[in-house]
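Written out below as structure tokens is the structure these notes cover.
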Amino acid sequence: MPCTTILVGKKASFDGSTMIARNDDSGSGHFTAKRFVVVKPEEQPRHYRSVISHVEMDLPDHPQRYTACPNVDPSKGIWAASGINASNVAMTATETITTNARVLGADPLVELEEADEASGRPEKAGGIGEEDLIVLTLPYIHSAREGVQRLGALHEQYGTYETNGVGFADGNEIWWFESVGGHHWIARRVPDEAYVVMPNQLGIDYFDLRDACGEQKDFMCSPDLAAWMKENHLDLTLRGGNARVTSDADRSGEEPEGVFNPRDAFGSHDDADHVYNTPRAWFMLRTLNPGTAVWDGPNAEYTPQSDDLPWCMIPERKVTVEDVKYVLSSHYQGTPYDPYGSYGDASMRGAYRSIGINRNDFLALLQIRPDVDARFRSVEWIAFASNAFNALAPFYTNVEDTPSYMKDTTLRVSTDSFYWASRLIAALTDASYGKSLNHIEHYEMTVLAKGHETIAKYDRALQRAAADGADEPALRALCAKGNEEMAEILKRAADHTLDQVLFETSNGMKNSYSRSDH
């Protein structure tokens, strides 16, 4: 799916938490209704069959409870998308990423081959894909590292019909997983002091095979990755091959054997990337590190079309929930590329694919707070519809159920659902942008502030209850009470904002007339 991801290490975040967040977007011309639910162990299948690829497998016993954001319409599969399990491990899946012909020739994707009655050829199932990954992985892992290992083993055994990037986080580590071809994969631990930005493009720009095939401190990969790369001549690293080298001394900065750039080996550098992918990474890096590099003008070190944008950077200040929401809502505001802009070269407005696009399905920010009691440590911030015009609200994940406003989305448009209320607000605001933007800014600020306030309030109540000896069910019930309060705040704010933007858009209708009768 066309999505955007940001990963924030614990020393880079405002409160020492790990944060992984992703926009889940529909393909062009589509809108996918979503809901926020809890999947209990008894609801998890023991035998799984993919709707898209028809791959089948038995799943382990004793799955954990986990949150998910599945499709409302199950006809194309579950698409659980993101969640946090009972062990306080978060997973977001997936960021669809790019590759190249050399990789696909060396390890073809595993696609469904339908039966051919005329020749008597039976159906051949495809591999796993975005539809499946949360359900197959999240209920069975107890750390981010374990998530990489399980997902890697699934890729090796069943293959995949698409290349994807997947984020895992616990209270201590964040790992980023990228599939490479049909069966191979790489993963890198996000440095604690750094953040990572990921558009729909293979992103890891530095990889140490020595560590991945040895200690696995910061890197992991398919067991045969090194041999496979060598056999297929995939490592494009120049070691002493620069045409400007005039002596051995000039080669002192070359990479040692085993260290390479995965973007060169496995990724793409297509013209389409410079319109669809790299501009998104450029804007996020430019926002969080405005003084670190020159991002604009004729002397820019990095531009929206740069292929060498850093995969990770140390931010100039610690990253907040509000920062994550802002960059994942971007439509290039403050630049000549803003489709809503009224300045600069008009021909460049909307030239690049926005992050906060009309077909955002939802945003999930998964926050694991290591200094908080494990029984109420994890918070999932949720927003639905176009991020440019929505609001982000927090919910505890150690619960047995989610509020009706978040889970009971149907395919019928209804303001009783946060998803549909958000869709309506976004469409009406876009149509009356100049008049309605102030309402949206107030709406977003109000919900974020009330979100922080509500979590702080219930954290205190939960700490008191825990100190008084409350058991696990009692603490879960208190988390659920906090979620219900948050959902009620959210509904009031959404209803009020919908009333405001409907008024503004109605006044702008083309059949309006200034004269009226009294």
> Which residue out of S422, S386 is touching a Lys or Arg at 6+ places or on another chain (Cβ under 8 Å) and hydroxyl-bearing (S, T, Y)?
Replying inline: S386
> Which residues, taken from the range 127-176, are without any contact (Cβ under 8 Å) to a residue 24 or more places away in the chain and of a type in the set (K, R)?
Replying inline: R150
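Applying the selection to the range 70-94, what residues are assigned to a strand (DSSP E or B) and at pLDDT below 95? Even if it seems obvious, please write down each step before you answer.
Within the range 70-94, the subset assigned to a strand (DSSP E or B) is 71, 82-85, 90-94.
Scanning the range 70-94 gives a single hit, T94.
Table: residues versus (1) in a loop (DSSP other than H, G, I, E, B); (2) over 25 Å from the mean Cα position of the chain (by Cα); (3) buried (at least 21 other Cβ atoms within 10 Å of the Cβ).
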residue	(1), (2), (3)
S422	no, no, yes
T429	no, no, yes
E441	no, no, no
V447	no, no, yes
E485	no, yes, no
> Which number in (1) in a loop (DSSP other than H, G, I, E, B); (2) within 21 Å of Q157 (Cα to Cα) marks the one condition that K10 misses?
Replying inline: (2)
>> Can you say whether I455 is closer than 19 Å to N358 by Cα and at pLDDT 95 or above, as far as the supplied structure shows?
In response: no
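Each row is one residue, and each column tells you yes or no for (1) closer than 26 Å to V148 by Cβ; (2) at pLDDT 95 or above; (3) surrounded by fewer than 19 Cβ atoms within 10 Å (Cβ to Cβ).
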site	(1), (2), (3)
D248	no, no, yes
E255	yes, no, yes
F260	yes, yes, no
D264	yes, yes, yes
G267	yes, yes, no
N277	yes, yes, no
D308	yes, yes, yes
W311	yes, yes, no
V321	yes, yes, no
> How do the pairs read when you match residues in the range 463-482 that are at pLDDT 95 or above and aliphatic (A, V, I, L, M) with residues anywhere that are surrounded by 10 or more Cβ atoms within 10 Å (Cβ to Cβ) and outside any helix (DSSP H, G or I), using Cβ under 8 Å and keeping only pairs 6 or more apart or on different chains?
Replying inline: A466/D373; L475/N398; L478/A470; A480/Y396; A480/V399; A480/E400; A480/D401
> Within the range 304-326, which residues are β-branched (V, I, T) and either touching a Leu at 6+ places or on another chain (Cβ under 9 Å) or not assigned by TED's automatic domain parsing to the domain that holds F362 (or both)?
Replying inline: V319, V321, V324
>> When the residues of the range 142-171 are narrowed to those that are under 19 Å from the mean Cα position of the chain (by Cα) and assigned to a loop (DSSP other than H, G, I, E, B), which ends up surrounded by the most Cβ atoms within 10 Å (Cβ to Cβ)?
In response: T163
> Among all residue pairs at least 6 apart or on different chains, which show Cβ distances below 9 Å where the first residue, located in the range 399-428, is under 18 Å from E488 (Cα atoms) and modelled with pLDDT of 95 or more and the second is of a type in the set (D, E, K, R) and crowded, with 24+ Cβ neighbours inside 10 Å?
Replying inline: T409/K34; Y419/K34; Y419/D361
>> For the list (1) free of Cβ contacts under 8 Å to residues at least 60 places away in the same chain; (2) assigned to a loop (DSSP other than H, G, I, E, B); (3) closer than 21 Å to L437 by Cα, I need the number of the one condition that I357 fails.
In response: (1)
> Out of all the residues in the range 181-190, is one or more of a type in the set (A, V, I, L, M, F, W, C), surrounded by 19 or more Cβ atoms within 10 Å (Cβ to Cβ) and under 17 Å from the mean Cα position of the chain (by Cα)?
Replying inline: yes
> Can you pull out the residues in the range 20-57 that are surrounded by 20 or more Cβ atoms within 10 Å (Cβ to Cβ), in contact with a Leu (Cβ under 6 Å, 6 or more places away or on another chain) and either outside any loop (DSSP other than H, G, I, E, B) or modelled with pLDDT under 95 (or both)?
Replying inline: I20, A21, N23
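Going through W176, W185 one at a time, which residue ends up being in contact with a His (Cβ under 7 Å, 6 or more places away or on another chain) and either more than 23 Å from V37 (Cβ to Cβ) or not assigned by TED's automatic domain parsing to the domain that holds A226 (or both)?
Values: W176 fails: in contact with a His (Cβ under 7 Å, 6 or more places away or on another chain).
One residue alone meets the criteria, W185.
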> Filter the range 95-120 for residues that are touching a strand residue (DSSP E or B) at 6+ places or on another chain (Cβ under 8 Å) and not in a loop (DSSP other than H, G, I, E, B); which is surrounded by the fewest Cβ atoms within 10 Å (Cβ to Cβ)?
Replying inline: E113
> Within the bounds of the range 26-38, is there any residue that is farther than 17 Å from N387 by Cβ, among the aromatic types (F, W, Y) and touching a residue at least 12 places away in the same chain (Cβ under 8 Å)?
Replying inline: no
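The values are calculated or read from the model by the stated rules, or taken from the named source; none is laboratory data. All of these numbers come straight from a predicted model, not from anything done at the bench. Don't worry about glycine lacking a Cβ; one is built from the backbone with ideal geometry, like all the others, and counts go over all protein chains shown.
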